[in-house]
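The values are calculated or read from the model by the stated rules, or taken from the named source; none is laboratory data. A quick note: this is a predicted structure, and the numbers were derived from the prediction, not measured. For neighbour counting, all protein chains shown are included, and Cβ atoms are generated from backbone atoms with ideal geometry for every residue, glycine included. Side chains included, ligands, DNA and RNA excluded: accessible areas come from the protein's heavy atoms. Shrake-Rupley method; radii C 1.70, N 1.55, O 1.52, S 1.80 Å.
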Amino acid sequence: SQSKLTEDIRLNQVGFYPSGPKTAVVVDAPSDKFYVIKENLKDTVFTGQLTPGVVWEHSKENVSKADFSKFKTPGTYRVFVPKLGYSFPFEIKDQVLLPVAKGSMRGYYYQRASIDLLPEFAGKWARPAGHPDDKVMVHGSAATATRPEKFEISSPRGWYDAGDYNKYIVNSGISTYTLLSIYEHFPKFADTLKLNIPESKNNIPDLLDEILWNVRWMLTMQDEDGGVYHKLTNPSFDGYIMPADAKAPRYVVQKGTAATLDFAAVTAQAARVFSKYKKELPGLSDSLKNAAVKAYAWAKKNPNIEYRQSTLNQKFQPGIRTGEYGDSKFEDEFQWAAIELFVTTGKGAYFEDSKLEYSLSGTYSVPNWANVSTLALYTIAQNTKKLAEFENINPDVITNKILTMANKYKENAEKSAYGTPMGTSGGDFNWGSNSNAANQGILLVQAYLISKNKAYLDAAQANMDYLLGRNATAYCFLTGFGGKKVMNPHTRPSEADGIEDPVPGLLAGGPNPGQEDKADCPGSLYPSSAPAKSYIDHKCSYASNEIAINWNAPFVYLSFALEALRGK
Ligand code: 9MR
C-alpha cells in the first residue's frame, strides 16, 4: 500500500523554482515524516517533518504541511508519505512556470472569433472560423443608434468570453487590461516572448499581437457618439456546437456607462502601450487615445446607464438571455477610466476627476469584472512620477494602500492550513473563485514591486501552487497541465470537437459553493458543499468548471510575473 499514487498529498503538479518556496499539504497524515523521492520511486533525496494536523475551515480537512524549500536540486520528483503513498510528480528547475505562462496566454488564441485556427498553431484543436460578425444588427436600433438608419455594424474579431460564444465589453475590460499590464510591468520579458500564433513573424511582440485581436474588436463596439455597446451576442446561448456551425443572428446591445468606461480605460492604456509601435501600426495609438477620450466624454454625459436585461427585454425584441455582466455602481469604473486617461494624456483634469485623493481612505478590494477601482491603484502606483504636480497627494499614500491590502492576504497565507491567501475574504469561494486566487496573486506581486519584500512574492506563489494542485480538490486547474487534469470544462468547442483532451491553457472557474448550476447538473455530482471542495469536473458545471477570459488573464499575469521575477 506504500507504493500507490495518492491524491491526499496536495501540491503544485507543475513545479517549483530551485531557490523558491516548496510546500505540499497532506490530508489526515498517518505519519509525521515525509520524503522527497525520485521518479524511480526508490531513491530518497530529502527527508522532512510534517507539521501537526490542523483543520482548514474552507474544506473541513485535517492537514499537515510538508516544507521542502531547502531542497534545491533540479529534477523530477514526488513527495512520499509512509502508509499513504506518493504524490503526483513535479519538477524543480529554472523557468518552471514558463510552459504554463505561455500555455495560458496561448489559451486566448483558441478563444478567437472570426478566424480559422490552423493546425500549425492549434494542433489537433484546429477548427474553421466561426462568427465572422461582419454584419451585426444594432439591437433596438431605431431607439438606440445615433442615426436611426444605422441598423447594422461590422464587429469582427475579439475573443469569445468564456464557454459561450458571445463577446462582452465589460468583461473584456479587466481581461485586456490585465494582459496589457504584463507588457507594462515586465516589458523586457514580454518583448522576446514567442507564442507560436499567426502573427509571430511580424515585428510586434506576440503578447501584444494576441491582445490586439481583442482590442481591434473592442474599437468596433464604439458608436459614433462615443458610447460603447455592452455586448455582441446571440439572443440566447448556442448549444454545444462548434463555432463554424453557430449561425444564430448576432446583435450589439445597448450602449451603457460601465461598458463605455471600461472601454475608455483599456483604450487609454492600449494607446500608451502601442505608442511604441507607431511605425509598425501607424495611427493605432492615436486612434485608441481618441476613442478613449470620446468614450469618457460620453460617460460623463450619460453617467448612469445601467445594463439590466429584464428592463431591456420589456422594451425590445428579440429578448436577450445571454450573460448580463450587470453593474449598477459606476464610481469604480469612473475612477479607473479617469486614471488611465490621466496617465496616458498627462491632463490633470482627469486626475481631479478620478477623486483618488478622497477615495483612498475608503475600501478597495481585489478586483473583478464588476469592481475595478483597484486597477486604478495599480496603474497609478506604476506611474507615481506623474503625480509630481499634485501637491495634495503623496504617492506613498497610494502605495501604502496597496501594501495594506496585500498584508491581509500575506498574513493569511502564512497562517492558513493550506498556506494560501484563498479564504482571507468571505467571498473568495464564488463563481470564478480561481480568478480570485490569481487576482490576489497580482495584488501581492504589486506589493512586491513596491516594497521588494520577498514575503509578498512567496504569498503570490502560494496561490500559483493552489491553482496548480495544492487545493482541496487536488485538481491542477489549468487545462492540459498537471497530474490530476481538468478534462471536462464547460466550453462549447471542447464539448463539440470530439477530441478527448480539452483545449489547453484554460483555467477552470473553480470551487463555488453557490452551485448555481445545480438544476443543470445532478446535485449529487458535487462531492461536497464545503466551499473549497465545491467543484465538479463535468461539462454541465458552468458555475464551477467553465473557463473565461477574465479568469485566465490574472493567471497569465501571475505566471508571467513569477517567471519574470523568479524564473532564473
Ligand atoms: O463571471 C460571471 C460571474 O461573476 C457571475 O456571477 C455569473 C452569473 O451572472 O456570470 C459570470 O459570467 C458569465 C457570463 O455572464 C457569460 N459568459 C460566461 C461567464 C462565466 O460563467
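Once you have the alpha carbon radius of gyration of the stretch 208-352, what is it after dividing by 2.2 N^0.38 Å, with N set to its residue count? Mind showing how you got there, number by number?
Numbers: Rg = 16.5 Å, N = 145, 2.2 N^0.38 = 14.6 Å.
So the Cα radius of gyration is 1.13 times the expected 2.2 N^0.38 Å.
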For the chain, longest principal axis from Cα atoms; helix 395-415 axis from its Cα atoms; angle between them, nearest 10 degrees, is 40
Using only the alpha carbons of the stretch 514-568, determine the length spanned along each of the three principal axes and report them from longest to shortest in whole angstroms. 46, 22, 16
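Ignoring any ligand, DNA or RNA, what whole percent of the accessible area of the stretch 90-237 comes from carbon and sulfur when the probe is 1.4 angstrom? All intermediate terms of the calculation are to be shown ahead of the outcome.
Details: 2660 of 4850 Å².
On the stretch 90-237, the fraction of accessible area on carbon and sulfur atoms equals 55 percent.
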Could you give the nm distance between label points at Arg308 and Glu516, where each point is 7 Å from its Cα heading toward the beta carbon? 1.7
Over the stretch 400-529: Kirkwood hydrodynamic radius from C-alpha pairwise inverse distances, Å: 15.8
At what distance in angstrom do the alpha carbon centres of the stretch 517-531 and the stretch 253-288 lie from each other? 41
Express in Å², to the nearest 10, the accessible area of Ser559 obtained by rolling a 1.4 Å probe over the protein heavy atoms while all chains stay in place. 0
Along its three principal axes, how long is the chain when you only count alpha carbons? Whole Å, largest extent first please. 74, 58, 45
What does the net charge come to around Asp262 if you take all other residues with beta carbon closer than 12 Å to its beta carbon, with K and R at +1 and D and E at -1? -3
Just the accessible area per residue of the chain, please: how many Å² with a 1.4 Å probe? 37
Report, in listed order, any pair from Lys231/Lys401; Lys201/Lys485; Lys386/Lys415; Lys276/Lys485; Lys167/Lys301; Lys300/Lys347 with a Cα-Cα distance greater than 28 Å. Lys231/Lys401; Lys201/Lys485; Lys386/Lys415; Lys276/Lys485
Once you order the gyration tensor axes a ≥ b ≥ c over the Cα atoms, which shape class does the stretch 208-260 get: rounded for a/c under 1.5, otherwise prolate or oblate by comparing a/b with b/c? oblate
Sites Asn202 and Ser287, calculated FRET efficiency, Cβ-Cβ separation with R0 22 Å, nearest 0.05: 0.75
Binned at 5 Å from 0, what are the whole-percent values of the Cα-Cα distance distribution for the stretch 396-451, short to long? 5, 21, 28, 25, 15, 6, 1
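Two-decimal Rg/Rh of the stretch 316-379 from alpha-carbon positions, Kirkwood Rh? Before the final figure, lay out each step's value.
Details: Rg = 14.6 Å, Rh = 13.1 Å.
Computed over Cα atoms, the ratio is 1.11.
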Average projected area of the Cα convex hull of the stretch 465-567, in nm²? 6.8
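Assign unit charges at the C-beta atoms only (+1 for Lys and Arg, -1 for Asp and Glu), then state the dipole size of the stretch 310-468 relative to its Cα centre in Debye, rounded to the nearest 20. Could the numbers behind the result be given before it?
Numbers: 13 positive and 17 negative charges, 44 e Å.
Here the size comes out at about 220 debye.
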Cα-Cα P(r), the stretch 178-246, percent of pairs per 5 Å interval: 3, 13, 17, 14, 16, 15, 14, 7, 1
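With the full set of protein chains in place, find how many percent of the accessible area of the stretch 352-417 is carbon and sulfur; take the probe as 1.4 Å. Please report the intermediate quantities before stating the final value.
On the way: 1490 of 3360 Å².
Ligands and nucleic acids excluded, carbon and sulfur reach 44 percent.
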Rounded to the nearest 10, the angle in degrees between the Cα long axis of helix 169-185 and the longest principal axis of the Cα atoms of the chain comes to 60
Signed unit charges on C-beta, dipole axis of the stretch 336-445, positive-most listed residue Val372, Leu443, Gly423: Gly423
Check: the chain dipole with +1 on Lys, Arg Cβ and -1 on Asp, Glu Cβ, in debye: 940
Taking Cα atoms, how many degrees apart are the long axis of helix 284-301 and the longest axis of the chain, rounded to 10 and kept between 0 and 90? 80
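On the protein heavy atoms, probe 1.4 angstrom, tell me the percent of accessible surface of the stretch 440-568 carried by carbon and sulfur. Before the final figure, lay out each step's value.
Details: 1670 of 3540 Å².
So the carbon and sulfur contribution to the accessible surface is 47 percent.
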Alpha-carbon centroids, the stretch 1-52 and the stretch 156-194: separation in whole Å: 36
So in the chain, which Cys have no other cysteine's beta-carbon sitting under 4.7 angstrom from theirs? Cys476
Debye, to nearest 20: dipole size of the stretch 178-223, +1 on Lys, Arg Cβ, -1 on Asp, Glu Cβ: 140
Whole angstrom only: what separates the Cα centroid of the stretch 198-229 from the Cα centroid of the stretch 373-435? 28
